[in-house]
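**Q** Input: one structure, supplied below.
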Amino acid sequence: MSLSNILIFIVPGIIIILFLLILLTIRILFNPAYYSHAGNSRLEKGLYSEALEYFYKALKKNTKTYGENSLEVAECKVNLANVLIFKNRDNEAFELLTSALKIINVINPDHNSITASIYNYMGVIYSKRDKHNNAIEYFNKFMDIAKKESLNPASIASVYNNIAQVYFKLEQPEKAIETHNKALELYENIHGNNHISMANTYNQLAMAYEKHGDFNKSLECLNNAHKIITCLYGQQHPDVAAIYNNSATVLYRQNKTDEALELLKKAIEIYEKVYGLEDINTANLYSTTAIVFNSKGLYEEALKYFNSALYTYENYYGQNNTTTATTYSNIASTYKNMGNIEKSLEFYNMALNIYENIFGHEHSNTGYIYYSISNVYLENKEFDKAQNNILKAYEIILNVFGERHTKTKQLCNDIAYLYEQNNNSEEASKWTAKAI
């Protein structure tokens, strides 16, 4: 058979196959589910911007295919909200969740899996806003559904960890430990002892023990996490570096700063190798290292690492971001320790502007900055300005934590001290009584 005769048989087949491939590609690209799957895939890899792009496309396709008030659209909005929470765009996320909940309540109020997810994400946002009672309320709504429905046990474990984080922020480490252990038990029943979810929960549990002052239990949990991570991924994985970072935090709390710096050095080597010098993860380690140097009185070293972190944060997040604000605050603290009052106040006020812009006036972070500014003025013997700022801090902390909380009582003692410095013993006595 000649070549021309062979081609007569082959070429039409190739054309048909190509035509079918084109049809399949068009069908995939016009299928809304493709964009949702692609978004979830990017989300699992931490590629939030790409995930957001795919979920927006999924929302557009699903709206066109199924209509604005459909379960598919509601689910897309929940997926989008999840990514936006990761990107600290909480207001946008909350609007999407509220919209999704309205859709569910109108067309299918019994669709509890999506409703449960909405309650969970709302709880996360309230927790980030320091609205702790609201956060617990929505997490409990999730749990109410979980008791009635056969929800994924891993999702329940995840919400236990979220609840524990609220207790952690409320300075209630005993409740945080108890709730993390519930998550740990669920994950162990689902996955066994050697799973990444177990390692992540051990990591969080370790920080709760650290806050409780039980450093040995904290390091034990971190050691368990380390064993799992190294077994799964090896010694040079970024998650190993994260454990080194948390272990360094515990050692720092024990005033073992040299040991802490050794672990941070190991963590930085891994992150610089895996992510590079200007990655956000590397910047986080630079920031932790700077805090340890600051505590050792090595202020120039601290500023060097803080500024390296700040360069990345400003490029990655921009200037109007909580992480950037925290770094401004840390730099301000270093300048205060160096006796540079002017620079310290400059950076504290930069942090304050960001926190008030993002969270408003009534957030604990805003209160902490007012307290720090008060301490700078106190250091400079400007008692009236110190008093003015600490009273602002007190009103915020009282509103967030309540009058019986240790943070509130500590502020009462500090305010009493300032009144004593201003020779106002009557007011000082009143504030001392409030601290009891």
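**Q** Can you run down the residue pairs with Cβ atoms below 7 Å, 6 or more apart or on separate chains, where the first is in region 261-286 and under 13 Å from Asp239 (Cα atoms) and the partner is surrounded by fewer than 20 Cβ atoms within 10 Å (Cβ to Cβ) and among the aromatic types (Phe, Trp, Tyr)?
**A** Once the first residue is under 13 Å from Asp239 (Cα atoms) and sits in region 261-286, its partners that are surrounded by fewer than 20 Cβ atoms within 10 Å (Cβ to Cβ) and among the aromatic types (Phe, Trp, Tyr) give Asn281/Tyr275; Thr282/Tyr275.
**Q** Quick test for you: out of Ser150, Ser155, pick the one residue that is in a helix (DSSP H, G or I) and of a type in the set (Ser, Thr, Tyr).
**A** From the options Ser150, Ser155, the qualifying one is Ser155.
**Q** Could you say which residue among Val240, Val292 is within 22 Å of His180 (Cβ to Cβ) and surrounded by 17 or more Cβ atoms within 10 Å (Cβ to Cβ)?
**A** Val240
**Q** Determine which member of the set Ala416, Ala386, Ala393 is within 30 Å of Tyr286 (Cβ to Cβ) and touching a helix residue (DSSP H, G or I) at 6+ places or on another chain (Cβ under 8 Å).
**A** Ala393
**Q** Could you name every one of the helices (runs of 4 or more DSSP H) located completely within region 370-436 that has at least 3 residues being crowded, with 20+ Cβ neighbours inside 10 Å and over 31 Å from the mean Cα position of the chain (by Cα)?
**A** Ranges flagged: 406-421.
**Q** Output the residue which, of all residues in region 295-333 that are in a helix (DSSP H, G or I) and of a type in the set (A, V, I, L, M, F, W, C), is surrounded by the fewest Cβ atoms within 10 Å (Cβ to Cβ).
**A** So, considering only residues that are in a helix (DSSP H, G or I) and of a type in the set (A, V, I, L, M, F, W, C), the one surrounded by the fewest Cβ atoms within 10 Å (Cβ to Cβ) is Leu303.
**Q** Okay, next question. Scan region 338-353 and report the pairs whose first residue is surrounded by 15 or more Cβ atoms within 10 Å (Cβ to Cβ) and whose second residue is in a loop (DSSP other than H, G, I, E, B), with Cβ atoms within less than 7 Å and a gap of 6+ or a chain change.
**A** What qualifies is Ile341/Asn380.
**Q** Just one of Leu96, Leu59 is at pLDDT 95 or above, buried (at least 16 other Cβ atoms within 10 Å of the Cβ) and more than 30 Å from Glu178 (Cα to Cα); which is it?
**A** Sole residue among the options that is at pLDDT 95 or above, buried (at least 16 other Cβ atoms within 10 Å of the Cβ) and more than 30 Å from Glu178 (Cα to Cα): Leu96.
**Q** Name, by its number, the condition in (1) closer than 30 Å to Ile85 by Cβ; (2) over 27 Å from the mean Cα position of the chain (by Cα) that does not hold for Glu300.
**A** (1)
**Q** Might you let me know whether region 67-79 holds any residue that is within 19 Å of the chain's Cα centre (by Cα), at pLDDT 90 or above and buried (at least 19 other Cβ atoms within 10 Å of the Cβ)?
**A** So far as region 67-79 goes, yes, one or more of its residues are within 19 Å of the chain's Cα centre (by Cα), at pLDDT 90 or above and buried (at least 19 other Cβ atoms within 10 Å of the Cβ).
**Q** Evaluate the following for Asp414: is it of a type in the set (D, E, K, R) and within 19 Å of Ser329 (Cβ to Cβ)?
**A** It is true that Asp414 is of a type in the set (D, E, K, R) and within 19 Å of Ser329 (Cβ to Cβ).
**Q** Now for a separate question. Take region 30-47 and flag every residue that is surrounded by 14 or more Cβ atoms within 10 Å (Cβ to Cβ), at pLDDT below 85 and under 24 Å from the mean Cα position of the chain (by Cα).
**A** Answer for region 30-47, where residues must be surrounded by 14 or more Cβ atoms within 10 Å (Cβ to Cβ), at pLDDT below 85 and under 24 Å from the mean Cα position of the chain (by Cα): Leu43, Leu47.
**Q** Could you grab me the full set of residues in region 80-93 that are part of a helix (DSSP H, G or I) and either of a type outside the set (Phe, Trp, Tyr) or crowded, with 23+ Cβ neighbours inside 10 Å (or both)?
**A** Leu80, Ala81, Asn82, Val83, Leu84, Ile85, Asp90, Asn91, Glu92, Ala93
**Q** So which of Glu171, Glu178 is within 29 Å of Ala116 (Cβ to Cβ), surrounded by fewer than 16 Cβ atoms within 10 Å (Cβ to Cβ) and either in contact with a Ser or Thr (Cβ under 7 Å, 6 or more places away or on another chain) or among the basic types (Lys, Arg) (or both)?
**A** Just a single option satisfies the conditions, and that option is Glu171.
**Q** Also, quick follow-up: If we keep just the residues of region 134-157 that are closer than 25 Å to His363 by Cα and of a type in the set (S, T, N, Q), which is surrounded by the fewest Cβ atoms within 10 Å (Cβ to Cβ)?
**A** By that ranking, first place goes to Asn140.
**Q** How many residues are touching a residue at least 40 places away in the same chain (Cβ under 8 Å) and not in a helix (DSSP H, G or I) when one looks only at region 34-48?
**A** 0
**Q** Does region 116-133 contain any residue that is surrounded by fewer than 20 Cβ atoms within 10 Å (Cβ to Cβ) and not in a helix (DSSP H, G or I)?
**A** Among the residues of region 116-133, at least one is surrounded by fewer than 20 Cβ atoms within 10 Å (Cβ to Cβ) and not in a helix (DSSP H, G or I), which makes the answer yes.
**Q** Moving to a separate point now. Taking region 352-369, which residues are more than 18 Å from the chain's Cα centre (by Cα) and under 20 Å from Glu171 (Cα atoms)?
**A** Listed by number, the residues that qualify are Glu362, Gly367, Tyr368, Ile369.
The values are calculated or read from the model by the stated rules, or taken from the named source; none is laboratory data. Note that the coordinates shown come from a computational prediction; the quantities given were computed from them, not determined experimentally. For neighbour counting, all protein chains shown are included, and Cβ atoms are generated from backbone atoms with ideal geometry for every residue, glycine included.
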